[in-house]
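Okay, so here's the structure we're looking at.
The values are calculated or read from the model by the stated rules, or taken from the named source; none is laboratory data. What you see is a predicted model; the values in this text were computed from it and never measured. No Cβ is skipped: glycine too gets one built from the backbone with ideal geometry, and neighbour counts run over all protein chains shown.
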Amino acid sequence: MIRATFTVNENAHYVAFHMEGHADFDVHGKDIVCAGASAIAYGIFNSIFALTNTKPEVEIKDGLMDVQNIAETNDVQLLMRSLEVSLKTVEEEYSEYISISKRRGE
């Protein structure tokens, strides 16, 4: 299962994002849940790098994306909200394979 966790601060701003695991919906190369979740996350963080003047810390390994120090600017926060909405849309259809949560941190 893919588990994605958004960390928000006391102002409800996104400050970190962690996604790990594999959906196991289908075999590697045909897993539309993994492909969809990965495409959404990569697309949003590529947009943050390309369209804003911020650079969050990103660690990527097989089955892991960990992002820290997400800027609290309006444009970055809007993109992070878009990430959450998009992943929740996948979760609505494939809840056996992906889980989205939010936690309070820093």
Checklist entry - Which of the following residues is touching a residue at least 12 places away in the same chain (Cβ under 8 Å) and either of a type outside the set (S, T, N, Q) or in a helix (DSSP H, G or I) (or both): 50, 37, 12? => result 37
Checklist entry - If residue 66 passes every condition in (1) outside any helix (DSSP H, G or I); (2) within 14 Å of the chain's Cα centre (by Cα); (3) crowded, with 19+ Cβ neighbours inside 10 Å but one, which one does it miss? => result (3)
Checklist outcome for this item: Going through the stretch 85-98 in order, the residues found to be under 11 Å from the mean Cα position of the chain (by Cα) and either among the β-branched types (Val, Ile, Thr) or not in a helix (DSSP H, G or I) (or both) are 85
Checklist entry - (1) of a type outside the set (Gly, Ala, Ser); (2) in contact with a Cys (Cβ under 8 Å, 6 or more places away or on another chain); (3) exposed (fewer than 15 other Cβ atoms within 10 Å of the Cβ): which one isn't true of residue 25, the others all being true? => result (3)
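Scan the stretch 3-37 for residues that are of a type outside the set (A, V, I, L, M, F, W, C) and within 14 Å of residue 102 (Cα to Cα) and report the count. Spell out the reasoning first.
We begin by selecting, within the stretch 3-37, every residue of a type outside the set (A, V, I, L, M, F, W, C); these are 3, 5, 7, 9-11, 13-14, 18, 20-22, 24, 26, 28-31, 36.
Now restrict to residues that are within 14 Å of residue 102 (Cα to Cα): 3, 5, 7, 9-11, 13-14, 18.
Looking only at that region, the number is 9.
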Checklist entry - Does residue 3 satisfy being touching a residue at least 60 places away in the same chain (Cβ under 8 Å), basic (Lys, Arg) and exposed (fewer than 12 other Cβ atoms within 10 Å of the Cβ)? => result no
Checklist entry - List, please: which pairs have Cβ atoms under 8 Å, are six or more places apart or on different chains, and start with a residue in the stretch 73-95 that is at pLDDT 95 or above and end with one that is in a helix (DSSP H, G or I) and surrounded by fewer than 12 Cβ atoms within 10 Å (Cβ to Cβ)? => result 75/51; 79/51
